[in-house]
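Contents: one structure, followed by commentary.
The values are calculated or read from the model by the stated rules, or taken from the named source; none is laboratory data. Given the structure is predicted, the values throughout are model-derived calculations rather than measurements. Every residue, glycine as well, gets a Cβ built from its backbone with ideal geometry; the counts of neighbours run over all protein chains shown. The protein model used for the area step is the full one, side chains on, heavy atoms only, and it has no ligands, DNA or RNA in it. Shrake-Rupley method; radii C 1.70, N 1.55, O 1.52, S 1.80 Å.
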Amino acid sequence: MFVTFNGKKFPVAEGRTVLEAARDNGLFIPSLCYHPKTGPAGKCRACVVEIEGMRGLQTSCTIPAKDGMAVTTNSPKVLAAQRLVVDLMLSSGQHDCLSCEQNGSCELQNAAYFLGIERPSFRVDSEPDFDESSEFIYRDHEKCIQCGRCVAGCNNTVVNEVLDFGWRGHNTKVICDDDLPMGTSSCVQCGECVQLCPTGSIIDKRSRGQARSWEVEKVETVCPYCGVGCRIALHVDRKTNRIVRATGVEDAPTNQGMLCVKGRFAFDFVASTERLTTPLIRENGNFREASWEEAYSLISSKLGEIKTKHGADSIGGFCSAKCTNEENYLFQKFMRAVIGTNNVDHCARL
Ligand code: SF4
Ligand code: SF4
Ligand code: SF4
């Protein structure tokens, strides 16, 4: 089917909303509460457009695209409405982009830029309101635009049911449980809310001040922690070659952007100075450095001795989900074919 945007016909797949149809064709309509995973919310009103035959402005995220539909996304009326919505969001918080971690990848900032908003038109006084109690997540309520993506993600996507909107009117804010600090709430620190937040309101605490979004290269890989095989993007600072944050890959069939606390936040081991770089042999209760040849030779002679004395089934081997499938295959082959036992296991076997 075809939909006309701003006088030009575009092909549109069945089942798409007007917003999705526009995006599929490379047209930008500001939108802040919609995320492909949490779906249309019709909440922020930044995506309003004119649709021929429909009265008033319509939220493009909630209207299904239909064959022959004529949509206007760039009329003065549409742009004025979008501008007012985004302006009010900027006005009702503390949006100090210069120091904000989200600077450069913020959807609110992008919308303001697209609409030509240089500074907020209104002044709403507010006090700083942040929550540093969580080990891995930093929250700045003054940068929250109440889009609800984090609430939808926490309740419907990862089903941890921690976040909700609390209080009323101007005091409305996203709360954890009964308005507990995040660090003492039932939050399991999966970071789905961090991934879904369009602004700098919920962010990875330990990546703060590490690198700007344009200074990092995203390297996609598979999480090393367990056998699920979640796909992650490591954000590597080009200046230092260090990982500054990790995000889930949204279109990965295994995890659809979701990660657990380990996959999302526990990558500091990669650059740890305590990592072993050479084999260590224990002698008289102390470790000494050894060559790989010496270590292999010791392992081989010790295993041989045990096998001769007590039989192959007196030996067992544990491998790790941090190894590749191929390494795990080789390890079980070694235990079965070389040692001669089926006593082999793996930490990711449930
Ligand atoms: S959340 Fe976005 S608009 Fe607000 S300060 Fe951060 S970068 Fe700027
Ligand atoms: S980190 Fe996970 S559990 Fe905690 S509030 Fe965010 S989405 Fe919910
Ligand atoms: S914290 Fe972020 S995702 Fe949640 S409602 Fe506020 S702006 Fe939206």
### Query
Between a first residue in the stretch 274-289 that is among the acidic types (Asp, Glu) and a second residue that is surrounded by 10 or more Cβ atoms within 10 Å (Cβ to Cβ) and in a strand (DSSP E or B), which pairs have beta carbons less than 9 Å apart while being 6 or more apart in sequence or on different chains?
Glu289/Leu280; Glu289/Ile281
### Message
Take Cys147 and tell me if it is within 16 Å of ligand 1 (Cβ to nearest atom), out of contact with any strand residue (DSSP E or B) (no Cβ under 7 Å at 6 or more places or on another chain) and under 26 Å from Ser92 (Cβ atoms).
### Response
yes
### Message
Out of Gly263, Gly257, I need the residue that is more than 18 Å from Pro36 (Cα to Cα) and either of a type outside the set (S, T, N, Q) or in the same structural domain as Gln195 (by TED's automatic domain parsing) (or both). Which one?
### Response
Gly263
### Message
Looking at the stretch 229-262 only, could you name the residues that are touching a Gly at 6+ places or on another chain (Cβ under 9 Å) and more than 20 Å from Ser105 (Cβ to Cβ)?
### Response
Cys230, Thr254, Asn255, Cys260, Val261
### Query
Wholly within the stretch 241-350, which strands (runs of 3 or more DSSP E) include no fewer than the required count, namely at least 2 residues that are within 25 Å of the chain's Cα centre (by Cα) and surrounded by 11 or more Cβ atoms within 10 Å (Cβ to Cβ)?
242-248
### Message
Scan the stretch 291-303 and tell me whether some residue there is within 30 Å of Leu234 (Cα to Cα) and of a type in the set (Asp, Glu).
### Response
no
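Would you confirm, using the coordinates I've provided, whether Asn74 is modelled with pLDDT of 95 or more and under 27 Å from the mean Cα position of the chain (by Cα)? Let's see the steps before the verdict.
Numbers: modelled with pLDDT of 95 or more: yes; under 27 Å from the mean Cα position of the chain (by Cα): no.
So Asn74 fails the test.
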### Message
Any residue at all in the stretch 76-91 that's in contact (Cβ under 8 Å) with a residue 24 or more places away in the chain, assigned by TED's automatic domain parsing to the domain that holds Gly7 and in a loop (DSSP other than H, G, I, E, B)?
### Response
no
### Scan of the stretch 311-326 for residues that are within 15 Å of Val222 (Cα to Cα) and of a type outside the set (A, V, I, L, M), ordered by number
Ser320, Lys322, Cys323, Thr324, Asn325, Glu326
### Query
List, please: which pairs have Cβ atoms under 9 Å, are six or more places apart or on different chains, and start with a residue in the stretch 311-324 that is in contact (Cβ under 8 Å) with a residue 40 or more places away in the chain and end with one that is in a helix (DSSP H, G or I) and open to solvent by less than 40 Å² (accessible area, probe 1.4 Å)?
Ala321/Asn328
### Query
Applying the selection to the stretch 96-115, what residues are assigned to a loop (DSSP other than H, G, I, E, B), within 14 Å of ligand 3 (Cβ to nearest atom) and open to solvent by less than 50 Å² (accessible area, probe 1.4 Å)?
Cys100, Glu101, Gln102, Cys106
## Note on the structure
The strands (runs of 3 or more DSSP E) lying wholly within the stretch 1-75 that contain at least 3 residues that are open to solvent by 20 Å² or more (accessible area, probe 1.4 Å) and without any contact (Cβ under 8 Å) to a residue 40 or more places away in the chain are 8-11
